[in-house]
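FYI, it's all coordinate maths here, none of it is from the lab. Note that the structure is predicted; figures quoted are calculated from it, not measured. Cβ: placed from backbone, ideal geometry, glycine included. Neighbour counts: every protein chain shown.
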Amino acid sequence: MTLAGATDVVVIGAGHAGLAMSRYLSAAAIDHVVLERGEIANSWRRERWDSLRLLTPNWQSRLPGHAYSGPAPDSFMTMSEVIGFIDDYAKVVGAPVRTFTTVTSVSEAEGGYQVTTERRVWRARSVILASGASSMPDVPPLSSALPATTRSLTPREYRNPKQLDDRAVLVVGASASGVQLADEILRSGRRVMLAVGEHIRMPRTYRGRDIQWWLDAAGVLDERYDAVDDIVRARRVPSPQLIGTPERATLDLNSLTSRGVELVGRLAGIVDGKAQFSGSLRNHCAMADLKLRRLLDRIDEWIERSGMSREIAAPERFAPTHTPQTPRLLVDFEADRIGTVLWATGFRPDYRWLKVPVFDRKGRLKHDGGIVDAPGLYALGLNFMRRRKSSFIHGAEDDVRELGDHLVAYLRRAPYSTSPPTRTFPSAGLEARRYVDSAIAKSHFH
Amino acid sequence: MSATATRVVDNGVNVEALLGARQALTDTPEAARFKWRASCRWVRGTHSKSTVQGFFGLGSEQSHRTEFSFEADHPEVFASEDLGATPVEFVLVGLASCLTAGIAAVAQNRQIQLRSVKATVEAGMDLQGILGIDSEVRNGFDAIKVVFDIDADASREDIEALVAQSQKRSAVFDIVTNPTNVSVEVR
């Protein structure tokens, strides 16, 4: 192992969020390094399926100091366009990125943290976790009971339908990933079943504009984590059923079933080569329809209040989700010729290398709006981390500014001790953090 | 608006206590582990008598204020004496009363005054299953249909949302819609 490097801040991950934080730190003249296990925008390069496009229109791809400036503001970036966009941002920012530097552990050390990589050891007073919210597919334990003749695949490994044999595919989960993959595999000529639990239904466009435009304008995306009733629940809400296509098409369950996708309830068990589905499909669809109506009501009210109602199209309401009269409860993998199960059951961040006691009993990172439960440790880009938009590209700007301010105040107050080391008492660190929290709260949030 | 805001909504549900329990059980997950019990004694023919009283929860043995008992039997068309409800009807009672309790709790939490709530439940069953006539017919229900008639100070949409939320948080709805491992032993 080579000698240790010392810096003030180590940013882990050179995606849009890590780069935005690097820009902030450079502007504040804070010494830092961005460690990246692969290349810039690595997950977008290696862990996404071929046809994927962003769920947000190009105009919404904005970062501090960088924005989309191409000819199609209402279209959606392909993966190569996203990679180009983030690559360009890295150049604009001039971030000190060390590529192909995989972090193997982060642990507490005197004066801050020790960040161990395959190449060298870093000492830093602060660490920013910007390695992504969607690193690990969240595959349910019941997947282990799948018969050997059926292949198990996650969206991280899936690239295109050519990977699949010609038998039917069971897509588990009806979030954005689930409906997009069901759609693509159906178009490839394969039979598709979609297991539907709790989901969020959204039209691509509403009253002539992209749904993201309304969510943005009406302030839905700016809703703060400390202003919602149940943030634990809000952070678990699946991604809305949206797809980014040049035609701005809506992709909901009705559009899938009208073309032959078979809906079944939430996958509840796998026993003796058979999948068991919950009898709750109808209620899950009814709830999604009700929530959609509530969202559209809210947008309509906003339009009314803002005085726009005369310039734009009239309110619309969408047909309720059609559910089969008697959805199947049992499906035999062999008899029904199900070749593949695709787990669109969500993702979680991968913090296996984080050796700091900051996890709750369910293994989730304990943090208050990205301020992790250990002094000088911060997260970025997690679901609804500080705002509903936190995990989106355009969500980075506000979060980076607020957490950056918090970090700067922390570095000023915390005793500098990267080298030579002087032991600080944990309670003193906590005290300082609380003080900083309240100072930041006063200056920025009120 | 001010009239609705000042009127006290009372469905007889102590929401504060429920929310307090939710918080307390979030902090002490062990206390949230309950065990429900019933015992059943055969009387004669298809007639049986079941009782419930004790259960386990909040880390210790608990008890209903009194023992409740239930007579179960089959109707005369089954050549029985019809001394109580059919066991499958108890399942319907369980589902309807669970959803109804949920509606009251959710309505209270959402500040909706209920005036009347009536559930009608119907479940289809093909007796060729339990009689062993056709092995492809299951023993249990083909499907269950619940219809609610609700009179409340709320829009139709809000009432539909109440009913949907009640299903989402209902134990019996979960029990009848999802598989459960059951072990039956002889002592």
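Coupling constants for the range A:188-202 follow from the phi torsions by the Karplus curve (6.51 cos²θ - 1.76 cosθ + 1.60, θ = phi - 60°), and in residue order they are 7, x, 8, 6, 10, 10, 10, 8, 10, x, 5, 8, 10, 8, 8 Hz; glycine and proline get x. Comparing A:Ile270, A:Ile200, A:Ile243 in a Gaussian network model of chain A where C-alpha atoms under 10 Å apart are linked, the largest mean-square fluctuation is found at A:Ile270. Taking the DSSP beta bridges with both ends in the protein assembly as shown, the antiparallel portion is around 60 percent. The lysine pair tally for the protein assembly as shown, using Cα distances under 19 Å and a gap of 8 or more places or different chains, is 6. The charge dipole of the range A:65-193, taken about its Cα centre with unit charges on the Cβ of Lys, Arg, Asp and Glu (plus for the first two, minus for the last two), comes to roughly 300 debye.
Note down the net charge around A:Thr340, summing +1 for each Lys or Arg and -1 for each Asp or Glu among other residues with Cβ under 10 Å from its Cβ. Mind dumping the intermediate values first?
Numbers: positive: A:Arg151, A:Arg167, A:Arg190; negative: A:Asp165.
Once all neighbours under 10 Å are counted, the net charge is +2.
Work through the residues other than A:Leu52 whose Cβ is under 15 Å from its Cβ and net out their charges, Lys, Arg +1 and Asp, Glu -1.
Its environment carries a net charge of +1.
Amide H contacts of A:Ser280 (H built 1.01 Å from N, in plane; Pro and chain starts excluded): A:Arg266 sit under 5 Å, all sequence-distant by 5 or more or on other chains. Residues whose amide H comes within less than 5 Å of that of B:Gln62, counting only those at least five positions distant or on another chain, are B:Phe55, B:Phe56, B:Gly57 (H built at 1.01 Å from N in the peptide plane). Amide H contacts of A:Gly111: A:Thr424, each under 5 Å away and 5 or more positions distant or on a separate chain (H built 1.01 Å from N in the peptide plane; Pro and chain starts excluded).
When you count the other C-beta atoms within 10 angstrom of each residue and take the mean per peptide, B:109-116, A:169-176 line up highest first as A:169-176, B:109-116. Legend: mean number of C-beta atoms from other chains within 10 angstrom of residue C-beta atoms, peptide B:159-168, equals 4.
If you find the alpha carbon centre of the range A:337-359 and of the range A:141-193, how far apart are they in angstrom? When both Cα centres are located, 17 Å separates them. For chain B, the antiparallel share of DSSP beta bridges with both residues in that region comes to about 95%. What whole number of Å gives the distance from the Cα centroid of the range A:1-55 to the Cα centroid of the range A:66-92? The range A:66-92 and the range A:1-55 have Cα centres spaced 17 Å from each other.
Please state the shape class of chain A: rounded when a/c is under 1.5, otherwise prolate if a/b exceeds b/c and oblate if not, all from the C-alpha gyration tensor. Verdict is prolate for chain A. The spacing between the range A:368-406 and the range B:55-92, judged by their C-alpha centroids, is 53 Å. Here each label is just a point 7 Å from Cα along the line to Cβ, and for A:Arg46 and B:Arg187 those points are 5.9 nm apart. Backbone geometry of the range A:18-24 corresponds, through the Karplus equation with coefficients 6.51, -1.76 and 1.60 at θ = phi - 60°, to 3J(HN,Hα) couplings of x, 5, 5, 5, 4, 4, 4 Hz, x marking Gly and Pro.
With viscosity set to 0.890 mPa s at 25 °C, what whole-number translational diffusion coefficient in µm²/s follows for the range B:37-107 from Stokes-Einstein and a Kirkwood radius over Cα pairs? Please report the intermediate quantities before stating the final value.
Numbers: Rh = 14.1 Å.
Estimated via Stokes-Einstein, D reaches 174 µm²/s.
Principal axis extents of the C-alpha atoms in the range A:168-229 (largest first, rounded to whole Å): 43, 30, 12.
Taking a Cβ cut-off of under 11 Å around A:Ala249, the surrounding Lys, Arg, Asp and Glu residues balance to a net charge of -1, with basic ones at +1 and acidic ones at -1. Applying the Karplus relation 6.51 cos²θ - 1.76 cosθ + 1.60 with θ = phi - 60° to the range B:113-129 yields 3J(HN,Hα) values of 7, 8, 10, 8, 9, 10, 10, 10, 10, 9, 9, x, 8, 9, 5, 4, x Hz, where x marks Gly and Pro.
Counting other C-beta atoms within 10 Å, which of A:Arg401, A:Arg305 has the fewest, and how do the rest follow?
Numbers: A:Arg401 15, A:Arg305 10.
Sorted ascending by nearby Cβ count, the order is A:Arg305, A:Arg401.
Take every Cα pair under 8 Å in chain A that's 6+ residues apart, average their separations, divide by the length, and report that relative contact order as a whole percent. Each step should come with its number before you reach the end.
Working: 866 pairs, mean separation 98.0, N = 446.
Dividing the mean separation by the residue count of chain A yields 22 percent.
Classify the range A:263-381 as rounded, prolate or oblate, taking a ≥ b ≥ c as the square roots of the eigenvalues of its Cα gyration tensor: rounded when a/c is under 1.5, otherwise prolate if a/b is larger than b/c and oblate if not. It is oblate, given that a/c is not under 1.5 and a/b is not larger than b/c. Computed across the range B:1-150, the Kirkwood hydrodynamic radius from all distinct Cα-Cα pairs reaches 19.1 Å.
Which of rounded, prolate or oblate describes the range A:188-299 when judged by the alpha-carbon gyration tensor and an a/c cut-off of 1.5? Taking the square roots of the gyration eigenvalues as a ≥ b ≥ c, the range A:188-299 is oblate.
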